[in-house]
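First up is the structure itself, then whatever we jot down about it.
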Amino acid sequence: MAKSSVRPNQVTDRRPRFEAQRTVSFTESVIREMTRLAQIHTAVNLAQGFPDFPAPADLKEAACRAINDDQNQYSITWGAKNFRQAIAAKYRQWHGLELDPEREITVCCGATEGMIATLLAVTNPGDEVIVFEPYYENYHPDTLLCGATRRIVSLQAPDWTFDPAELRQAFNARTKAIIINSPNNPTGKVFGREELELIASLCEEHDCLAITDEIYEHILFDGATHIPPITLANMRHRSVLINSMSKTYSVTGWRVGWVIASPDLSASIRKVHDFLTVGAATPLQQAGVHALSLPESYYAHLSTDYVQRRDAIVDILKRTGFKPFVPRGAYYVMADISAFGFPNDQAFAAHLVENIGVAAVPGSSFFENAALGSQLIRFCFCKKFETLHAAEEKLSRLAK
Ligand code: GLN
């Protein structure tokens, strides 16, 4: 099968006539492309991380109510006041963090906008941004669009630990920020207190920022706990915390997220956000007020529900010849594919979606050096049990 079939929309050998220099060196999202391929081949989609089960009924009702109540015009560009207040209340309750909703919270169109708006607001061309690898693919174009250079620190399987010396070496006078995504996509790593304290001390020593993508904060397994780096000593004014409604409330298509940072940082981020998108959808922010006031039992249920799906996919992958790395958080599993004897992850993913009927994300999408991901593939498990079982039926046709 042609390798190109995994990336049908990539034009690799001819630069489009009007394309700007800043976009030349990155390609379309492989994750989102795999979703399109899943549709073309009517494959079970375990590629892009979005639930295929309904969002909570009361949230949907809250959104409909807001629309019917004529809350359909722009909110304040940095977010509806009552939504920012609800965000502040949730962080006080969960993390003892006192936030000024007027000056420290910016609502944006998903964590995706939060990240690019932040990077555009804080980096200059030539600045360096440290990224743990494997990493969520957006961080690559995000840094490129800013003219920033990525400095990679490896997370090593099977536990996805990093070498403190390698981390220390990644910091230098050009370092502007480090991106921390915990619980982590794609590995499921949950950064521990000791690791975060080391990162915090290096941020202080080198006077740089921690930009933390915490969208899987409430999807934790096996007793893992989430520590927002902004709550660590001396990090309150050098952290930018990014989160969203997408994963916690199973509404990835709503595109409602937020950025928390001290007033001076927030002022810079708000300027970018304002001109990028004006603001997130008003009625969905109103539904967010309801979401963020849900009782603790909602979150406990989310994790216990997801741990069952995690255990199901891990067992399915083991039974069908993969070597999965068991995640401690988020809703993805990285799996080793070397037992199948394919030359690389792209060829394997193409075979999987076209001939077997399951879409997954080739591991190389999460690495700078494709070779490092060439025997890895990522499955997501935010799916109905029947979807996971349908995937098993198809995966069991794989020849080992
Ligand atoms: N975060 C999800 C994933 O990694 C969805 C990515 C996206 O398409 N925005 O699959």
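The values are calculated or read from the model by the stated rules, or taken from the named source; none is laboratory data. Everything numeric here is computed off the predicted structure, so don't read it as measured data. Every residue, glycine among them, receives a Cβ derived from its backbone with ideal geometry; neighbour counts consider all protein chains shown. Areas reflect the complete protein model, heavy atoms only, side chains present, ligands, DNA and RNA absent. Shrake-Rupley method; radii C 1.70, N 1.55, O 1.52, S 1.80 Å.
The base-10 log of I(q)/I(0) for the stretch 18-120, evaluated at q = 0.12, 0.17, 0.21 Å⁻¹, reads -0.73, -1.12, -1.18 [Debye formula, identical scatterers on Cα atoms, solvent excluded]. In a reduced charge model with +1 at each Lys and Arg Cβ and -1 at each Asp and Glu Cβ, the chain shows a dipole moment near 840 debye about its Cα centre. Ranking of 365, 297, 266 by solvent-accessible surface, largest first: 297, 365, 266 (1.4 Å probe, protein heavy atoms only, all chains present). The reciprocal of the average 1/r between distinct C-alpha atoms defines the Kirkwood hydrodynamic radius, which for the stretch 267-386 equals 17.3 Å. With 10 Å bins beginning at zero, the pair-distance distribution over Cα atoms of the chain amounts to 5, 23, 32, 27, 12, 1 %. Basic side chains Lys and Arg get +1 at the Cβ, acidic Asp and Glu get -1 at the Cβ, and with that the dipole of the stretch 251-328 about its Cα centre reaches some 380 debye. Specify whether the C-alpha gyration tensor of the stretch 141-186 places it in the rounded, prolate or oblate class, a ≥ b ≥ c being the square roots of the eigenvalues: rounded for a/c under 1.5, otherwise prolate if a/b is larger than b/c and oblate if not. It is oblate, given that a/c is not under 1.5 and a/b is not larger than b/c.
The Kirkwood hydrodynamic radius of the stretch 194-334, based on inverse pair distances between different Cα atoms, is 17.4 Å.
Taking 30 Å as the straight-line reach from the Cα of residue 60, the lysines in range (excluding those fewer than 8 positions away in the same chain) are 81, 90, 247, 383, 384. Normalised size of the stretch 77-122, defined as Cα radius of gyration per 2.2 N^0.38 Å with N residues, equals 1.19. Under the criterion of Cα pairs below 8 Å and six or more residues apart, the relative contact order for the chain equals 24 percent. Across 196, 144, the residue with the most accessible area heads the list, and the full order at a 1.4 Å probe is 144, 196. Residues of the chain were split at every exposed loop site, defined as chymotrypsin sites (Phe, Trp or Tyr not before Pro) in a DSSP loop with at most 12 other C-beta atoms within 10 angstrom, and the longest piece left, sites excluded, is 75-400.
Where q = 0.18, 0.24 Å⁻¹, what log10 of I(q)/I(0) comes from the Debye formula for the stretch 66-173, counting one point per Cα? Here log10 of I(q) over I(0) equals -1.04, -1.17. Restriction of the trypsin sites (Lys or Arg not before Pro) in the stretch 280-327 to DSSP coil positions whose beta-carbon has at most 10 other beta-carbons within 10 angstrom yields no sites. Across 44, 24, 256, mean-square fluctuation computed from a Gaussian network of the chain (C-alpha pairs under 10 Å connected) peaks at 24. Across the stretch 178-308, the mean sequence separation of Cα contacts (distance under 8 Å, 6 or more residues apart), normalised by length, yields a relative contact order of 21 percent.
A 1.4 Å probe, protein heavy atoms only, puts the accessible area of residue 239 near 0 Å².
Expressed as a fraction of 2.2 N^0.38 Å, the C-alpha radius of gyration for the stretch 73-291 is 0.95. In the stretch 29-168, Cα pairs under 8 Å separated by at least six residues give a relative contact order of 14 percent.
Computed about its Cα centre, the charge dipole of the stretch 73-291 is approximately 660 debye, with only Lys, Arg, Asp and Glu carrying charge at their Cβ. Count neighbours as other Cβ atoms within 10 Å of each site's Cβ, and list the trypsin sites (Lys or Arg not before Pro) in the stretch 87-181 that are DSSP loop with at most 12 such neighbours. Answer in residue order: no site qualifies. For the stretch 34-136, the set of GluC sites (Glu not before Pro) satisfying both a DSSP loop assignment and a count of at most 15 other C-beta atoms within 10 Å is given as 98, 102. Helical runs (DSSP H, four residues minimum) scored at -39500 (n - 2.57) apiece and divided by the length of the chain put the mean residue ellipticity at 222 nm at -11500 deg cm²/dmol. Excluding same-chain residues fewer than 8 positions from residue 323, which aspartates and glutamates have a Cα within less than 13 Å of its Cα? Output for residue 323: 315, 336.
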